[in-house]
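To start, the structure itself, in structure tokens.
The numbers here are math on the coordinates, done by the rules we state, and not lab data. The structure presented is a predicted model; accordingly, all values stated were derived computationally and were not measured. FYI the Cβ positions are ideal-geometry reconstructions off the backbone, even for glycines, and counts take in every protein chain you see.
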């Protein structure tokens, strides 16, 4: 019962911080639209996911549903709209592709002004990991590639008979000197 209560508190806290309400993009001042983009790539499955959020009122404001002529393209392909109860309206695309060094988001607002945002993912190759992991001990995973930079994340997913959806995320600040 205690775990359920804690889960409810976490969900409520998250829901209170970010608006999940949605408005149409043609009802707000276009120059005040907050844009947020994310890209993830799973090298094992060769799966690329790109997400775009448009909000009015800042990073936690009301989400926006793009109204024509507004659009969002990812590498030249229109992104599909999605909604969920926690974060509101978003745009997403998932592709089975080889990793690329450069990605482009092109947002066109209702006044037909175009905003181009580029992103890159530096590839890494896992070259050292333990054959066995004990639950009571930490472990080290090494890779060849660039060090983790500010606002970047490397995730390690463990699979096996003793693990069920077990993941480890490493967030680090540049000042921490993470490698």
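Pull out the extension gain between residue 116 and residue 137, defined as 0.36 nm times the separation in residues minus the alpha carbon to alpha carbon distance; nm, one decimal.
Details: separation 21, 0.36 × 21 = 7.56 nm, distance 4.53 nm.
Here the segment from residue 116 to residue 137 would lengthen by 3.0 nm.
Kindly rank 125-131, 52-58, 142-148 from highest to lowest mean number of other beta carbons found within 10 Å of each residue.
Averaged packing, sorted descending, gives the order 52-58, 142-148, 125-131.
What is the Rg over Rh value, at two decimals, for segment 27-140, using alpha-carbon atoms and the Kirkwood definition of Rh? Mind dumping the intermediate values first?
Numbers: Rg = 17.9 Å, Rh = 16.2 Å.
With Rh from the inverse mean 1/r over Cα pairs, Rg/Rh is 1.10.
Using a 7 Å offset from the Cα along the Cα-to-Cβ direction at both residue 102 and residue 127, what is the distance between the two label points in nm, to one decimal?
2.7 nm
Rounded to the nearest Å, what's the spacing between the alpha carbon centres of segment 73-120 and segment 44-71? Just the number, please.
7 Å
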